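Take a look at the structure set out below.
The values are calculated or read from the model by the stated rules, or taken from the named source; none is laboratory data. Quick caveat: nothing in here was measured; it's all calculated off a predicted structure. Reconstructed Cβ throughout: ideal geometry from the backbone, glycine too, with neighbour counts over all protein chains shown.
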Number of protein chains: 4
Amino acid sequence: MLTDVQGRKSLNGFKLTRVGVTDVKKQVTVQRDYGSSCLNCVIDIFVDLPSTQRGSHLSRNLEVIAEVLEMSVSRPVSGLEALAGDICQMLFERHEYASYAEVNIAADYFLDRSGPSGRISKEPFKLMAKASGKRGKGMRKMIGAQAIGMTACPCAMETIRDSVKGNVSFQGDFPVISHNQRNVSTLMIEVPGRFEVEANDLIDILEQSFSSPTFEILKRSDEATVVINAHRNPKFVEDVVRDILTKVLEKYQDLPDEVEVTVRSESQESIHKHNAFAERVTSLKELRE
Amino acid sequence: MLTDVQGRKSLNGFKLTRVGVTDVKKQVTVQRDYGSSCLNCVIDIFVDLPSTQRGSHLSRNLEVIAEVLEMSVSRPVSGLEALAGDICQMLFERHEYASYAEVNIAADYFLDRSGPSGRISKEPFKLMAKASGKRGKGMRKMIGAQAIGMTACPCAMETIRDSVKGNVSFQGDFPVISHNQRNVSTLMIEVPGRFEVEANDLIDILEQSFSSPTFEILKRSDEATVVINAHRNPKFVEDVVRDILTKVLEKYQDLPDEVEVTVRSESQESIHKHNAFAERVTSLKELRE
Amino acid sequence: MLTDVQGRKSLNGFKLTRVGVTDVKKQVTVQRDYGSSCLNCVIDIFVDLPSTQRGSHLSRNLEVIAEVLEMSVSRPVSGLEALAGDICQMLFERHEYASYAEVNIAADYFLDRSGPSGRISKEPFKLMAKASGKRGKGMRKMIGAQAIGMTACPCAMETIRDSVKGNVSFQGDFPVISHNQRNVSTLMIEVPGRFEVEANDLIDILEQSFSSPTFEILKRSDEATVVINAHRNPKFVEDVVRDILTKVLEKYQDLPDEVEVTVRSESQESIHKHNAFAERVTSLKELRE
Amino acid sequence: MLTDVQGRKSLNGFKLTRVGVTDVKKQVTVQRDYGSSCLNCVIDIFVDLPSTQRGSHLSRNLEVIAEVLEMSVSRPVSGLEALAGDICQMLFERHEYASYAEVNIAADYFLDRSGPSGRISKEPFKLMAKASGKRGKGMRKMIGAQAIGMTACPCAMETIRDSVKGNVSFQGDFPVISHNQRNVSTLMIEVPGRFEVEANDLIDILEQSFSSPTFEILKRSDEATVVINAHRNPKFVEDVVRDILTKVLEKYQDLPDEVEVTVRSESQESIHKHNAFAERVTSLKELRE
């Protein structure tokens, strides 16, 4: 019989917060009302380890992923947060010594978007999901999305408008020049047990909070429309985060107070070599006050 | 007079947790007892933003970095955590509306290491520092290091030893084959006000906790020595983290209980395409219990 | 009527070698005899630009990708190199001024692999494809794959065997310890007009050329088998590249002499912080000499 | 005596194009007329391998780097291309079987730049160097630089100017809005034996070829100036490459015809999720025609 090296008594008696495997790549098919998506996922999974045990049985983590994905062939997964939750649940069954389990999933994602003149293109996004919890204490599941958009700076625009006033004939309310740039924003929201949050809605919220969403194919007049829209709607990263928060409050009025929300926006500044960043980590309760 | 667009009243009344700049690249000279180091740093800095103000004045963050670095020409910086602390301090002065400030620094770092046969080579490491705190409540400073080393798996070694016993003549206590691989480990520790923690000591602790440290130049017999040492000292990622924790307890007996410690180890498994991971986030108080 | 800014006469009269778009993300379904694969692709496409024209019409590149992918819904793509070829072909139609076109595609890919004890797991790989050529001169298409495997070092093994001889009782032909590590190898091969090269075959060739392939799930005895196999089959990166070349010669005897082949192997050394690298860029003609 | 495993006869008789080590990290001090720079370098070095030999002696590559850097303490290195050349030279001495040698170096680099109102800030750049050649046939050395700047799109600007004409009162020659974004451009140029090329000049050429250079610290009016300058100087990636080529021709009139030049520009488009790219790979002879 093989010795259980991992199961041995630990030599120096420290418990560990998280032990597991990272960068596991898996292809998953998610089934939603509007159709199915083929998602290339990167998965990290962890359990804690008591001070009395030398090693965690890491191969069980991979078995759990494989089994959950196998079951998903007959019973399709409804979302990445459900998948993370199923894996997290089974981690407790297989690691009898674990009191904590955590699963993080990130995936590339594609959605049809309609450009200014109605042309449809598939745009790339990212999905994220997390499930974690203590044994017997319930599990916290989160679903998230990341989108790339465009921000135009309100500050430079105003400075320039002020500075040229009088010298050049003024353009009515037509926007003046500013710097604008690629922005990457992220929204993660907790999904309590009996509720559902649709990842596509999160992407809608993100894209509506930029100065303008961006598109793969823009012919001449479409390009002008996107640029004009962005400049009519100049935003700091701070504005992007707050506008996402506002839309989250409107959209998820039914979700309970304890729901956790994380919003992040980073602008790859065109006038600097560094980035501008804003973030809010909060709960719906705090936002509703 | 220019309008203060950032200083305007916020439109939708949410405070923000962290607003700032990321990926700022700076070259810093750090002066320690044993000489000076030229460090290429990547710096992220943040303050919070009250609900009543539209934008944070991001250019002030860059001015603060520039001023602190300029002062360091006449009064040399003694370490990255001191640098992070100085920047954090000045953030409160310049962002009068901020109640929280945070500075993160990462830097490439090089140290002379002596190989098995005494040959000296410069090996690359990473340093990390963090300073953060609430206005008027004191600041928490951390210094950290990351090192690359080698782990040999105790489990495969034992399975193989068991499975060949009887079939091949046994090698006394000479180690049998196992899988071994590149491991990246990290140690961060809080440095309370009147204490000092030397980053080089953290790197010593990390390197002594691998199955073996690794070296740039290994001639034939040195290579054999490193491989034999690693196999005489097989370790899971869990073992690496616990051995680091043991050495931290021994080394920092004078540091107070409230000191925070984070230890992380990741093995880029040779037998898998994914990584093995272990982590402990704790305080000296918890470790001493 | 909108001005064609790109179509204007160039101001300073230099032709450009490659002008286009990079990092275009697209999901593609590829249909092969053994089933269909959902591939997340990253696409770079270029044409050259004559000295007389100011700009290339970049949006046409995205239109070409979109149209080729749309056509693929009714007429499934048989492989990434065919997809690259179709896009390359259409680039000449849309960029009437172009004399050169080039398309590069990379994609994550998953295949069932059977572990030592027959257990099936989905393992992650990468596919690459390239199509390029001059207008009217025919097009060169290449298909490639990248796989992660394991190498055990023959040199350290031999040094250690020599050095312990006499001191420890020798193990018959059972391998002694060595360093082993994650290796990433790549094979790209040209696919002339009427020929077919199956990407799965390239992955077979790669995996058979490591000291051992690697697997996601290895229970105790499987793990031992992989480690023993790898040590019975120690390989330098040079050996990996040459073994891939040998298998390419055997497998593709029907392919003509002019076919280009690129093979690359990189070991993330466990005893060093740097990598070991070997490469051959050649033609079947050279290899057959 | 230890067996020379690498020196053994090769089993399957293929020569290899490049064998060596990659991702070697070294800190180098470069001494120029205007002062010394501390450079954190990433070095890749290769030699070829004849079909008759099993392995390249990789540790010799690291010894060569160490020795060249040690010599540089007493005899300071005058530039990265000189360093690459010295390493390349010594590779032939140590790898007696090699007929080809190649060295690539990349380094972070910092330079003082003066913003619109004269304020000095240290801005980050990258340096690159390459030395390669066949034994006894002379060596080709190249020095290069990479800079981040800003491009404003001429096409969107013109479309918008045309489309609003008549509807809004026109601004004289004041620029209308367009999209602008972060651009990363690269220039590499060969440095023949008795000539010198100053890397700082390459960075000057790059920064003067953007719509505007970018700066770390921009107070309100500086920010406006950068934005206005960029919009008064709208550029496609094609324009950036051609303007770099023009400046190269002007600056390096003394360099001989055979000198190789590579110029590349990539815009991280604000209105798209993908990038725009332009490149010219050429010689001074071609450019001068």
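Data table
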| read-out | value |
| --- | --- |
| Unmet criterion (only one of (1) closer than 30 Å to B:Tyr109 by Cα; (2) within 14 Å of chain B (Cβ to nearest Cβ); (3) among the hydroxyl-bearing types (Ser, Thr, Tyr)) for C:Ser221 | (1) |
| Residue in segment B:206-217 that is touching a strand residue (DSSP E or B) at 6+ places or on another chain (Cβ under 8 Å) and over 29 Å from A:Thr22 (Cα atoms) present | yes |
| Any hit, segment B:46-61, residues being at the interface with chain D (Cβ under 10 Å from one of its Cβ atoms) and within 14 Å of B:Ala84 (Cα to Cα) | yes |
| Residue, surrounded by the fewest Cβ atoms within 10 Å (Cβ to Cβ), within segment A:217-244, restricted to residues that are in contact with an Asp or Glu (Cβ under 9 Å, 6 or more places away or on another chain) and more than 20 Å from A:Ser267 (Cα to Cα) | A:Lys219 |
| Test: residue in segment B:86-103 that is crowded, with 18+ Cβ neighbours inside 10 Å, part of a strand (DSSP E or B) and within 14 Å of chain D (Cβ to nearest Cβ) | no |
| Failed item in (1) of a type outside the set (Phe, Trp, Tyr); (2) over 30 Å from C:Lys9 (Cβ atoms); (3) touching a helix residue (DSSP H, G or I) at 6+ places or on another chain (Cβ under 6 Å), with C:Ile87 passing the rest | (2) |
| Residues satisfying the stated conditions in segment A:65-77, i.e. within 10 Å of chain C (Cβ to nearest Cβ) and surrounded by 21 or more Cβ atoms within 10 Å (Cβ to Cβ) | A:Ile65 |
| D:Asp33 vs. criteria of a type in the set (Asp, Glu) and either in contact (Cβ under 8 Å) with a residue 12 or more places away in the chain or closer than 18 Å to D:Pro192 by Cα (or both) | no |
| Counted residues, segment A:203-250 - those being farther than 23 Å from C:Val64 by Cβ, in a helix (DSSP H, G or I) and hydroxyl-bearing (Ser, Thr, Tyr) | 2 |
| Any hit, segment A:214-223, residues being basic (Lys, Arg), without any contact (Cβ under 8 Å) to a residue 24 or more places away in the chain and more than 30 Å from A:Val259 (Cβ to Cβ) | yes |
| Candidates D:Thr52, D:Thr29 - the one that is surrounded by fewer than 21 Cβ atoms within 10 Å (Cβ to Cβ), under 30 Å from D:Gly7 (Cα atoms) and either of a type in the set (Ser, Thr, Tyr) or assigned by TED's automatic domain parsing to the domain that holds D:Asp201 (or both) | D:Thr52 |
| Flag if C:Pro256 is within 14 Å of chain B (Cβ to nearest Cβ), part of a loop (DSSP other than H, G, I, E, B) and out of contact with any Asp or Glu (no Cβ under 8 Å at 6 or more places or on another chain) | no |
| Residue count, segment C:251-276 (criterion: closer than 30 Å to B:Met150 by Cα and out of contact with any helix residue (DSSP H, G or I) (no Cβ under 6 Å at 6 or more places or on another chain)) | 9 |
| Qualifying residue in segment C:269-285 (condition: outside any helix (DSSP H, G or I), of a type in the set (Phe, Trp, Tyr), more than 10 Å from chain D (Cβ to nearest Cβ) and touching a residue at least 40 places away in the same chain (Cβ under 8 Å)) | no |
| Top-ranked residue of segment A:1-26 - restricted to ones that are basic (Lys, Arg) and modelled with pLDDT under 80, ranked as surrounded by the most Cβ atoms within 10 Å (Cβ to Cβ) | A:Arg8 |
| Residue within segment C:78-99 that is β-branched (Val, Ile, Thr), in contact (Cβ under 8 Å) with a residue 12 or more places away in the chain and farther than 20 Å from C:Asp23 by Cα present | no |
| Whichever residue in segment B:198-211 is buried (at least 22 other Cβ atoms within 10 Å of the Cβ) and either of a type in the set (A, V, I, L, M, F, W, C) or more than 20 Å from B:Arg280 (Cα to Cα) (or both) and, among such residues, is nearest to the other protein chains (Cβ to nearest Cβ) | B:Phe210 |
| Unmet requirement for C:Thr214, which otherwise passes all of (1) at pLDDT below 95; (2) surrounded by 19 or more Cβ atoms within 10 Å (Cβ to Cβ) | (1) |
| Total residues in segment C:208-243, condition farther than 30 Å from D:Thr52 by Cα and not polar (S, T, N, Q) | 10 |
| Selection status of B:Ile244, facing chain C (nearest Cβ under 8 Å), of a type in the set (Val, Ile, Thr), under 22 Å from B:Phe277 (Cβ atoms) and in contact with a strand residue (DSSP E or B) (Cβ under 8 Å, 6 or more places away or on another chain) | no |
| Some residue of segment D:182-190 being touching a Ser or Thr at 6+ places or on another chain (Cβ under 7 Å) and within 9 Å of another protein chain (Cβ to nearest Cβ) | yes |
| Residues of segment B:107-130 classified as in contact with a Phe, Trp or Tyr (Cβ under 9 Å, 6 or more places away or on another chain) and not polar (S, T, N, Q), total | 14 |
| Answer residue from segment B:152-169, given it is more than 7 Å from chain C (Cβ to nearest Cβ) and assigned to a loop (DSSP other than H, G, I, E, B) and is modelled with the highest pLDDT among those | B:Cys153 |
| Boolean, A:Lys247 is of a type outside the set (A, V, I, L, M, F, W, C), surrounded by fewer than 24 Cβ atoms within 10 Å (Cβ to Cβ), in contact (Cβ under 8 Å) with a residue 24 or more places away in the chain and not assigned by TED's automatic domain parsing to the domain that holds A:Gly79 | yes |
| Yes/no for B:Pro234 being outside the structural domain of B:Ile120 (by TED's automatic domain parsing) and either under 30 Å from A:Ile43 (Cβ atoms) or touching a Ser or Thr at 6+ places or on another chain (Cβ under 7 Å) (or both) | yes |
| Condition met for C:Glu196 (at pLDDT below 95 and either acidic (Asp, Glu) or touching a Pro at 6+ places or on another chain (Cβ under 6 Å) (or both)) | yes |
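Here's the yes/no breakdown for (1) modelled with pLDDT of 95 or more; (2) buried (at least 24 other Cβ atoms within 10 Å of the Cβ); (3) away from chain A (no Cβ under 14 Å); (4) not in a strand (DSSP E or B):
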residue	(1), (2), (3), (4)
C:Phe110	yes, no, no, no
C:Lys122	no, no, no, no
C:Ser132	yes, no, yes, no
C:Ile143	yes, yes, yes, no
C:Met150	yes, yes, yes, no
C:Val176	no, yes, yes, yes
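Yes/no per residue for (1) within 19 Å of the chain's Cα centre (by Cα); (2) farther than 30 Å from C:Gly115 by Cβ:
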residue: B:Val191; (1), (2): yes, yes
residue: B:Asn200; (1), (2): yes, yes
residue: B:Gln268; (1), (2): yes, no
residue: B:His272; (1), (2): no, no
